[in-house]
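**Q** One structure, pasted below without further comment.
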Amino acid sequence: MLVRPDGEQLELASDPEFGVALSEDGRHLAIASIKFGRRDRFRLCLADLSDGSAQVLDCPANFSIDSLRGGVVTYGMPVGGEPVGFSWAPGRAPWPVPYQEREVDRLTGTCLCRTEPGDYVITRPDGSKLTVPRRYDAQDSRLAPGARWLYDFWYDPPTMTVTDVSGPAPGPTMTWPIPGGRGSGPVFGRPTWEDATHVLLTIPHGDVRAIRIDATSGATERLGLDRHGRGEPGHVDGGTEFDVGGFVEPFQLPSVTRHPS
Amino acid sequence: MALRTPGGAVGTVADLAARVLASPGKVRAGLRAAVSAGHLRVAGDLGGDGAPLTLTPLPPPPPDHGPPQSLWAEDLGSSADPAFTDVHGMLERLLSAGIAPPGQTFRGYEPFRGDGGTGFLAIAAIARTRPSRPRLPDGPPPAAGIITSNRELVVWRAGVPEVLAKVEQYAERAVATPLRDRRHRLEAGGARPARR
């Protein structure tokens, strides 16, 4: 669903999956439109956000979007029981590419993979690799936008751990407490990086419902969500604050490195 | 953790790393988290693997119930209620049930019996409040906005929230796009969880 600044809504694709990929310039969005029913339907939609139009590829099986870079969508799809990678650009037939279960940072093109023992391997666009040994106690780690941080959460006590993976060796690794978190499971909502160093979290059932943590210092703020008398009265605190369900991911342009001349 | 070092409360990061089968860096991060959360006091240089450290586990802080507050119990029933035939006995039962500590006086809040109508009783007691935590500093609203649990898309303009739209489907994910003066919002959602 596209929401314009005046509030107008435009459906880009029906039955969208969670995993979408935004192009470098923010104009195109790759969406997996998956519908299970009497006749399953698996569609890869490449939507142009400037006018709402979409190029559509009908796929024979369920698939997951990997990345959208340079106008090319890469996705993984099972063929004969084995996952196979494909790339596709509108106007061409899809072509096979090596498949790898990975996370691709939209801003830098840096990839995050896991090895069989569970270590993390970070592959930068220049081909250099960095291995980060697995932490026995951590949940799955992810890359923050910009690929400076590898981060994960722990729930008892509630903490966030960030490892600087921008240098030749991983580190430093810092663990920050999450105030108000409960030690009852992976309770934090989808973390959203507001910029290169600040991450936003929702804390269900906590006294404070939404916080901002500075990854470099651990400084934590309570997010100002006062309704200012606007919006529909909610049921939390008599509706004085918005009941946050998730954060909008801010748009960031990829960094450009000048070639030394 | 302090008890797991060969020297009891005194040990080194390297000792601890060997005992908990973790790297010195992870041990250091764990100690910093414990100190930051108020569970532990560390004396010594955390920077060196072999530097002697004294680790002191800290007891949980005593509960702070705050100043005594008045609780009013009203309209406890009619004067025919047996409770009102023995007000002092009922107070004893309330006290023994922990509503107020024994010895608490009720000066100025004399209970009385109703006279044929509805009975009222006033009780002063200690309200047990949750231990107070230092309040987090307030920060600005999220830069790109939020999706509320009511499926509202909210953005802040000049510090004032604006409900841009109410989307019909449950929105699992929302992404801002730069089109049109960076005010275009895109929201893509689905009920199925991510597969990665």
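**Q** Given the structure, is B:V155 within 7 Å of chain A (Cβ to nearest Cβ) and either modelled with pLDDT of 85 or more or over 29 Å from the mean Cα position of the chain (by Cα) (or both)?
**A** On the way: within 7 Å of chain A (Cβ to nearest Cβ): no; either modelled with pLDDT of 85 or more or over 29 Å from the mean Cα position of the chain (by Cα) (or both): yes.
In short, no.
**Q** Now a separate question. Only one of (1) buried (at least 19 other Cβ atoms within 10 Å of the Cβ); (2) of a type in the set (V, I, T); (3) over 27 Å from A:Y120 (Cβ atoms) fails for A:V56. Which number is that?
**A** Unmet for A:V56, out of (1) buried (at least 19 other Cβ atoms within 10 Å of the Cβ); (2) of a type in the set (V, I, T); (3) over 27 Å from A:Y120 (Cβ atoms): (1).
Yes/no matrix, rows are residues, columns are (1) surrounded by fewer than 16 Cβ atoms within 10 Å (Cβ to Cβ); (2) of a type in the set (A, V, I, L, M, F, W, C); (3) in the same structural domain as A:D15 (by TED's automatic domain parsing); (4) more than 29 Å from A:P170 (Cα to Cα):
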{"site": "A:F42", "(1), (2), (3), (4)": "no, yes, yes, yes"}
{"site": "A:D66", "(1), (2), (3), (4)": "no, no, yes, no"}
{"site": "A:W88", "(1), (2), (3), (4)": "no, yes, yes, yes"}
{"site": "A:W95", "(1), (2), (3), (4)": "yes, yes, yes, yes"}
{"site": "A:V104", "(1), (2), (3), (4)": "no, yes, no, no"}
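**Q** Here's a follow-up. Can you tell me which residue in segment A:176-209 is nearest to B:P24 (Cα to Cα), limited to those that are at pLDDT 90 or above and not in a loop (DSSP other than H, G, I, E, B)?
**A** Restricting to residues being at pLDDT 90 or above and not in a loop (DSSP other than H, G, I, E, B), the top hit is A:W176.
**Q** List, please: which pairs have Cβ atoms under 6 Å, are six or more places apart or on different chains, and start with a residue in segment A:149-160 that is within 13 Å of chain B (Cβ to nearest Cβ) and end with one that is among the aromatic types (F, W, Y) and assigned to a strand (DSSP E or B)?
**A** Short answer, once both residue conditions are applied: A:M160/A:F153; A:M160/A:W176.
**Q** How many residues are touching a residue at least 24 places away in the same chain (Cβ under 8 Å) and in a strand (DSSP E or B) when one looks only at segment A:90-112?
**A** Residues in segment A:90-112 being touching a residue at least 24 places away in the same chain (Cβ under 8 Å) and in a strand (DSSP E or B): 3 in total.
**Q** Another question, if that's okay. Sort out which residues of segment B:123-152 are modelled with pLDDT under 50 and buried (at least 16 other Cβ atoms within 10 Å of the Cβ), and write them in order of number.
**A** B:I123, B:A124, B:A125, B:I126
**Q** Could I ask something else about it? Looking at segment A:113-121, is at least one residue within 25 Å of A:C59 (Cβ to Cβ) and either modelled with pLDDT of 90 or more or not in a strand (DSSP E or B) (or both)? It would help to see each step written out before you state the result.
**A** Looking only at segment A:113-121, we keep the residues that are within 25 Å of A:C59 (Cβ to Cβ), and these are A:113.
Going one step further and asking which of them are either modelled with pLDDT of 90 or more or not in a strand (DSSP E or B) (or both), we end up with A:113.
Looking for residues that are within 25 Å of A:C59 (Cβ to Cβ) and either modelled with pLDDT of 90 or more or not in a strand (DSSP E or B) (or both), one finds at least one in segment A:113-121, hence yes.
The values are calculated or read from the model by the stated rules, or taken from the named source; none is laboratory data. Note that this is a predicted model, so its numbers are computed, not measured. A quick note on method: Cβ atoms are made from the backbone with ideal geometry, for glycine too, and the neighbour counts reach across all protein chains shown.
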